[in-house]
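These notes concern the structure reproduced below.
The values are calculated or read from the model by the stated rules, or taken from the named source; none is laboratory data. Note that this is a predicted model, so its numbers are computed, not measured. Using ideal geometry, Cβ is built from the backbone for each residue, glycine included, and neighbour counts are taken over all protein chains shown. What goes into the accessible areas is simple: the full protein's heavy atoms, side chains included, and nothing from ligands, DNA or RNA. Shrake-Rupley method; radii C 1.70, N 1.55, O 1.52, S 1.80 Å.
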Amino acid sequence: MTIHQQFIKDKLPFVIRGGAKKLDAYHKWTDKYLIEAYGNKLLEVESSLDGNFNPDSPISDTSKIVDMTISEFIEKYSTNENSKIQYYLAAPDMPSELNNDIKRPDLLRLLNSVRRQRKRKPLDTQIFLGAHNNISPMHTDSYHNFYHLLDGEKEILLVPSKYTKLMRPYASFNQLKIPDIENIDYDKFPNMKFVPITKVHLRKGDLLYIPYECWHQMKGGTGRNLAVALWF
């Protein structure tokens, strides 16, 4: 058994430096290319006044969903640093042109080698595009996530799923209710004293495996940050 197979079986995250460079998307996904692929299709874009995104999160008080085209979004997100309202794209249902750019049969084979029910393709895919320290507060997913960083930098905070029982009093379904996970008030959240939080810094071209039910917070760098998740 390889080290990656063992980590997947143990539900532990790992990083493959340069692993995202295997995607065609790494070389092709400029803003211009994305505009051409999406055309004039309306997308659900997340807006925020404080840089915390995801309307489902109990700590993203100002995050809302707005409809706009990819051209409108790209015009707005590129000025996040100087705007009162910031924008972030977390879009599923990608056009076929984009799905053709993110095929990873090697990752599918890796997962199928350690699971009983084999899959023939990703269960879902999602593109993430933002700028100026955009934050997706700590949450869990119900899938194995191979998170490819195609541009920029991201800082990820991770907590393995085995600590979920300790964190459950501070969570709403799959969303954590602690407002600042990097500066925890242990008087309010005493269980967190026993929960280790791992910080991972991703650079352009890196790949992060996030096991299903693993807690994670995403924070983008100051410039453009572009990623795609392959969920299995």
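Brief remarks on what is shown
- Charge tally for Glu36 (other residues, Cβ to Cβ under 13 Å; Lys, Arg +1; Asp, Glu -1): 0.
- Taking one quarter of the surface of the C-alpha convex hull of the range 1-62 gives a mean projected area of 7.7 nm².
- When each of Lys22/Lys76; Lys22/Lys199; Lys22/Lys154; Lys64/Lys119 is checked by Cα-Cα distance, pairs over 27 Å: Lys22/Lys76; Lys64/Lys119
- Kirkwood radius, the range 146-232, all distinct C-alpha pairs, inverse of mean reciprocal distance: 14.0 Å.
- DSSP-assigned coil residues among trypsin sites (Lys or Arg not before Pro) in the range 62-149, each with at most 11 further Cβ atoms within 10 Å: Lys84, Arg116, Arg118, Arg120
- Along principal axes, Cα extents of the chain, largest first, whole Å: 47, 44, 26
- For the pair Asn183 and Asn99 in one chain, pulling the backbone fully straight at 0.36 nm per residue adds 26.4 nm over the alpha carbon distance.
- Restricting the calculation to Cα atoms, the range 97-195 shows an Rg/Rh of 1.02 when the hydrodynamic-style radius is the Kirkwood one.
- Considering helices alone, the calculated mean residue ellipticity of the chain at 222 nm is -4500 deg cm²/dmol, with DSSP H runs of length four and up weighted by -39500 (n - 2.57) and normalised per residue.
- Net charge over other residues, Cβ less than 15 angstrom from the Cβ of Ser161 (K, R count +1; D, E count -1): +2
- Computed over protein heavy atoms with a 1.4 Å probe, the accessible surface of the chain works out to 51 Å² per residue.
- For the range 1-112, the Kirkwood hydrodynamic radius comes to 16.6 Å, computed from all pairs of different C-alpha atoms.
- Percent carbon-and-sulfur accessible area, the range 91-200, ignoring ligands, DNA and RNA, probe 1.4 Å: 47 percent
- Annotation: aspartates and glutamates with alpha-carbon distance below 19 angstrom to Lys121 (same-chain offsets under eight excluded): Asp24, Asp93, Glu97, Asp101, Asp106, Asp141.
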